[in-house]
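Each remark here refers to the structure printed beneath this line.
The values are calculated or read from the model by the stated rules, or taken from the named source; none is laboratory data. Note that this is a predicted model, so its numbers are computed, not measured. Cβ placement follows ideal geometry from the backbone for every residue including glycine, while neighbour counts extend to all protein chains displayed. For the accessible areas, the whole protein counts, side chains as well, though only heavy atoms, and no ligand, DNA or RNA atoms are used. Shrake-Rupley method; radii C 1.70, N 1.55, O 1.52, S 1.80 Å.
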Amino acid sequence: MTYLQHRHPIKRRQAMSWGAASVLAPLLITMSNELQAMTPTADLPAELRSTLPAARQVGSAVLRFFGLRVYEARLWAANGFTPEDYNRHPFGLELVYDRKLEGAAIAERSIAEMRRVGSFTDEQARQWLSLMKQAFPDVVTHDRLLGLNDGQGEVRFFHNGRQTAQIRDAEFARLFFGIWLSPQTSAPAMRNSLLGLG
């Protein structure tokens, strides 16, 4: 029995709702209509200072759920980054949370959103879900999750500066970061803000 199943049904539903809010979903964007572009003022994350020292903040956006902030997303990349080939460029995608969320729910929602970007097998889904459950611990307010893409198929995940998981799989990199950066994203307004397109 999972942790969620142990909880009271109402609390379980609340946790699942926040899990859905943790990553993009079309329903969230429709209900909230609260995406906001942010002024790029944040400092370069420590995880990128040695690997991408020339990175700058390309753009950022806030995801809200029923008017409440869920997280702020920030995209960091060096000059020359092109949205059309996002997966072939080194970059960091940082999420700074404003809510307590369960890591397993974040991982499961990620798989669902990756299917919007492209198709993959059930076996890939099992492997990637296992990886992301390791990569994404439960988060609380002000926690940071950062995914670092090296542009050659390797992805590293960090929680508050500590590496939690690593994978070399170009298809995973394309589909995972495509949740935010692909034209097939469920949140085109957030994509535009992250990519500085409007």
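Brief remarks on what is shown
- The fraction of accessible area contributed by carbon and sulfur in segment 126-190 is 47 percent, rounded to a whole number (1.4 Å probe; ligands and nucleic acids excluded).
- Computed accessible area, L101, all protein chains, 1.4 angstrom probe, square angstrom: 10
- Segment 91-132 versus segment 152-189: alpha-carbon centroid distance in Å: 9
- Accessible surface calculations at 1.4 Å, restricted to protein heavy atoms, place segment 143-194 at 35 Å² per residue.
- Total charge dipole magnitude, segment 118-184, about the Cα centre, Cβ charges on Lys, Arg, Asp, Glu only, Debye to nearest 20: 160
- Share of alpha-carbon pairs per 5 Å distance bin for segment 140-189, given as whole %: 5, 21, 23, 20, 19, 11, 1
- Note on exposure: E108, E47 ranked by accessible area (1.4 Å probe, complete protein assembly) read E108, E47, with the most exposed listed first.
- Shape class of segment 47-198 from the alpha-carbon gyration tensor: rounded, with the ratio a/c of largest to smallest axis under 1.5.
- Cα-only radius of gyration and Dmax that characterise segment 101-188, units Å: 12.3, 35
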